Amino acid sequence: MYIRKFIEEVRNLGLLKEVKGADWNLEIGAITDLNAKKHKFTLLFDEIKDYPKGFRVLTGALLDYKRVNLALNINALNDIDLVKKLRDRLNIASKEYRSYEPEEVNDAVFLENVDSDDKVNLFKFPAPKWHEFDGGRYIGTADAVITKDPESDWVNVGAYRVMLVDRNKLSIFIDSSHHGRIHVEKYLKAGKKCPIAISFSPPLDLFIFAGMEVPAGISEYNYAGAIVGKRFKVFRGEETGLPIPAESDIVIEGYISGELTDEGPFGEFMGYYAGGRMKNPVIEVKRVYYRSNPILLGTAPSIPPYDYSYFRCPLRSAMIWDMLERIGVRDIKGVWAHEIGFSRALIVVSIKQSFAGQQTMVGHILATSPLTAYGGRYVIVVDEDIDPSDINQVLWAICTRTDPINSIEIVKNVPSTPLDPMAERKQNVKEYVSSRAIIYATKPFNKDFPREVRPSEDIVERVIVKWREILE
């Protein structure tokens with residue numbers, strides 16, 4: 001959904017707050033973080049210190065299922081219902097994504113203002129310094145980074161952090177497992193500059209999938225388009241020819257030449273400044289496009305919950321559930337990638353035990369699969385009577401259905417990320433492995449187990465009707 005339309009829809013829900021006069025230096029970041037931990041409004045900052053009225057920043061866009069509903073055109077009733085509806089959409093996308101090639105258009109809203117070459121000045125936008133110990137101002141925290149494979153027609157749209165370096169230079173961090181880095185390295189190994197375009201205010205339905213594990217070779221334009229049921233409109237960049245979301249407020253085009261510069265540290269999604277100061281690629285910006293009164297989409301990752309920690313939980317849960325069933329794992333009853341684990345470090349799957357060793361199979365798949373390895377830490381397998389999204393039920397299962405010496409397995413040397421605070425600190429570290437713990441919080445298969453203390457469903461229904469004024 002186009003960002004300006006989304007703002008009006010959120011306003012109609014009573015979930016939008018407008019903030020005037022905040023400082024780009026730390027205040028926007030602190031307000032965003034505190035809001036995400038308590039009130040959870042979508043925040044539209046205007047009249048930002050040192051900037052003219054109308055140069056705005058939007059944060060807190062996707063803090064709950066209602067706003068994810070809006071962005072993806074879904075009518076889910078709650079978190080788990082959103083997972084189920086997303087699973088249906090994922091099944092459609094896996095079969096029909098080829099039918100959702102983006103639609104090329106000859107005009108775009110961001111063509112209202114165009115700066116090129118020596119007129120480029122990236123400091124005209126109120127890119128915040130989000131956290132006190134960040135190494136710079138980050139214009140790209142909720143972006144859509146467009147690259148193309150030089151050997152095929154594969155266009156990738158990723159969400160990578162982007163720091164201001166100079167009037168016409170940016171620095172970008174792309175982790176080793178991400179598709180955008182594959183594209184960049186192919187160009188550089190061939191002795192060529194890598195063309196790159198970035199939307200700093202992309203349609204929210206595209207941004208959501210730019211940060212997810214879309215299969216290699218499939219463009220996020222197609223994949224997200226199939227899920228929301230539309231073809232994204234794209235404008236071919238005048239400098240690079242890359243397809244840019246036509247409904248963007250702020251866009252740049254440029255090249256990665258192989259030049260490196262100091263980038264970071266940045267307060268990242270695990271809640272730490274774990275990546276440190278690194279040497280990362282410079283983007284030479286050749287062209288800047290922007291709407292009059294532009295809106296910069298942003299986010300301030302920190303200790304969860306933060307303002308984009310929620311939306312990936314139902315989406316990653318749906319993708320994991322779909323992956324398990326697609327490879328033939330049956331009797332999955334629920335999946336939840338917990339927000340406190342930034343949708344990666346704590347994954348809980350509920351199964352109906354049908355054969356001996358089923359929980360071991362599920363646990364090892366989730367500990368090592370490409371979909372769940374990045375940033376992973378714990379996989380917990382529970383029985384079908386446990387709601388995987390309810391942390392109290394999950395912890396009760398761990399406390400009563402495990403024997404630590406027999407119920408916990410460790411898997412070593414799984415690919416991870418140098419942003420992990422437990423990573424061994426090395427200069428300019430790019431790749432890192434870590435271990436995973438699998439906790440089997442399930443009843444012993446085909447053995448007697450004590451009956452739980454709980455009223456039957458019939459009694460619950462009858463009592464709720466009779467004592468509604470107390471129980472509802």
Response to the item:
Taking the stretch 248-263 and the residues there that are charged (D, E, K, R) and part of a strand (DSSP E or B), the one that is nearest to Leu206 (Cα to Cα) would be Glu253
Worksheet item: closer than 30 Å to Arg87 by Cα and touching a residue at least 40 places away in the same chain (Cβ under 8 Å), is that true of Phe235?
Response: no
Fill in: Ala127 being small (Gly, Ala, Ser) and not in a helix (DSSP H, G or I)
yes
Worksheet entry | Among the candidates Ser201, Ser176, residue that is surrounded by 22 or more Cβ atoms within 10 Å (Cβ to Cβ), polar (S, T, N, Q) and touching a strand residue (DSSP E or B) at 6+ places or on another chain (Cβ under 9 Å) | Ser201
Worksheet entry | Only listed residue being at pLDDT below 95, outside any helix (DSSP H, G or I) and either within 24 Å of the chain's Cα centre (by Cα) or buried (at least 17 other Cβ atoms within 10 Å of the Cβ) (or both), chosen from Ser350, Ser354, Ser343 | Ser343
Practice prompt. Spot the failing condition for Ile351; the list is (1) touching a helix residue (DSSP H, G or I) at 6+ places or on another chain (Cβ under 7 Å); (2) aliphatic (A, V, I, L, M); (3) closer than 26 Å to Gly275 by Cα, and only one is missed.
Written response: (3)
Discussion item. Just the residues that are touching a helix residue (DSSP H, G or I) at 6+ places or on another chain (Cβ under 6 Å) and not in a strand (DSSP E or B), please, taken from the stretch 330-339.
Written reply: Glu339
Fill in: Neighbours by Cβ (under 9 Å, 6+ apart or cross-chain): first from the stretch 98-115, closer than 9 Å to Tyr290 by Cβ; second among the aliphatic types (A, V, I, L, M) and modelled with pLDDT of 95 or more
Phe110/Ile244; Phe110/Ala246; Phe110/Ile250; Phe110/Val251; Asn113/Val288; Val114/Val288; Asp115/Val288
Worksheet entry | Any hit, the stretch 287-303, residues being farther than 21 Å from Val57 by Cβ, assigned by TED's automatic domain parsing to the domain that holds Lys169, at pLDDT 95 or above and surrounded by fewer than 24 Cβ atoms within 10 Å (Cβ to Cβ) | yes
Worksheet entry | Total residues in the stretch 157-216, condition in a helix (DSSP H, G or I) and either outside the structural domain of Ala274 (by TED's automatic domain parsing) or free of Cβ contacts under 8 Å to residues at least 24 places away in the same chain (or both) | 3
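The values are calculated or read from the model by the stated rules, or taken from the named source; none is laboratory data. Keep in mind that this is a model prediction, so the values were computed, not measured. Quick reminder, even Gly has a Cβ in these numbers, built from the backbone with ideal geometry, and neighbours come from all protein chains shown.
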